[in-house]
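The values are calculated or read from the model by the stated rules, or taken from the named source; none is laboratory data. All of these numbers come straight from a predicted model, not from anything done at the bench. Using ideal geometry, Cβ is built from the backbone for each residue, glycine included, and neighbour counts are taken over all protein chains shown.
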């Protein structure tokens, strides 16, 4: 039997996989999501969402896909690892992502651009659909790829952009964006995600437990446990999930009824000895 079933849970509440069902709408995450939806609805072009590792950007992207991916008038596409050395490779990736069929066996960069342009005009103007391209981990994009995006954003009518581009990445992308002025000038929305405060940390934990099927009136975490969790994780959602996962396993193995302050402190002391940063580096792309 899985440890969470012993606690009266139906599923794992603190997985670090970006499951949109477990997307907790803190004030900042809800604000970011709402603003992106407005930009897409108005077809204004480029939205940029930045945040440190573990602030929930990837889960935000999955939530956005869940909300828009099934709408009849929207074509939603995602690129999750935009690491391309040349313009040709990036354009070929875009062609495949958009599901385009090429008429030439050996297309040139110009051929690829024209094919994408033709697709955007067909969907956006003739079929009156909204094409959304979300790119995660944008700090991996090089100058050549950023220039490709700038060119794509030039495709427009008198009223709207033909491509709605949503870029999500780490804060290290900001200097690159600022220096790339011909792209920075096209940003319609720029929003920075921050960590949760202590109250939001508690609400996130309670939200995830409830989503996992917990129905008992008894608390799984004490008030002091919440305080210790927030203090150590500094409110970063992925770190919160990792710590809470270990805390629940700990009380099951120790035959305890709930996570208290001592349980959290014991795990923290163990993490400090082992070195959290190594684990953080290995899992930085999982949330």
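Entry remark, segment 67-82: residues being under 17 Å from the mean Cα position of the chain (by Cα) and under 18 Å from residue 98 (Cα atoms) number 9 in total.
Among the listed residues 228, 200, identify the single one that is in contact with a helix residue (DSSP H, G or I) (Cβ under 9 Å, 6 or more places away or on another chain), assigned to a helix (DSSP H, G or I), in contact (Cβ under 8 Å) with a residue 40 or more places away in the chain and within 20 Å of residue 51 (Cβ to Cβ). Outline the logic, then answer.
Numbers: 228 fails: within 20 Å of residue 51 (Cβ to Cβ).
Only one candidate qualifies: 200.
Hey, could you check segment 16-47 for residues that are part of a loop (DSSP other than H, G, I, E, B) and in contact with a strand residue (DSSP E or B) (Cβ under 8 Å, 6 or more places away or on another chain) and say which is surrounded by the fewest Cβ atoms within 10 Å (Cβ to Cβ)? My answer is 44. Restricting attention to segment 219-230, does a residue exist that is surrounded by 14 or more Cβ atoms within 10 Å (Cβ to Cβ), at negative phi and within 22 Å of the chain's Cα centre (by Cα)? There is at least one residue in segment 219-230 that is surrounded by 14 or more Cβ atoms within 10 Å (Cβ to Cβ), at negative phi and within 22 Å of the chain's Cα centre (by Cα). Can you find a residue that is closer than 16 Å to residue 241 by Cβ and in contact with a helix residue (DSSP H, G or I) (Cβ under 7 Å, 6 or more places away or on another chain) anywhere in segment 173-193? Yes; the residues of segment 173-193 include at least one that is closer than 16 Å to residue 241 by Cβ and in contact with a helix residue (DSSP H, G or I) (Cβ under 7 Å, 6 or more places away or on another chain). If you take the residues of segment 231-253 that are out of contact with any helix residue (DSSP H, G or I) (no Cβ under 8 Å at 6 or more places or on another chain) and in a loop (DSSP other than H, G, I, E, B), which of them is nearest to residue 12 (Cα to Cα)? Per the criteria, the residue is 236. Within the set 177, 146, the sole residue that is touching a residue at least 60 places away in the same chain (Cβ under 8 Å), out of contact with any strand residue (DSSP E or B) (no Cβ under 6 Å at 6 or more places or on another chain), in a helix (DSSP H, G or I) and assigned by TED's automatic domain parsing to the domain that holds residue 61 turns out to be 177. The set of residues in segment 103-126 that are over 15 Å from residue 87 (Cα atoms) and either in contact (Cβ under 8 Å) with a residue 24 or more places away in the chain or not assigned by TED's automatic domain parsing to the domain that holds residue 151 (or both) comprises 117, 120, 121, 123, 124, 125.
With respect to (1) surrounded by 14 or more Cβ atoms within 10 Å (Cβ to Cβ); (2) over 21 Å from the mean Cα position of the chain (by Cα), the lone exception for residue 198 is condition (1).
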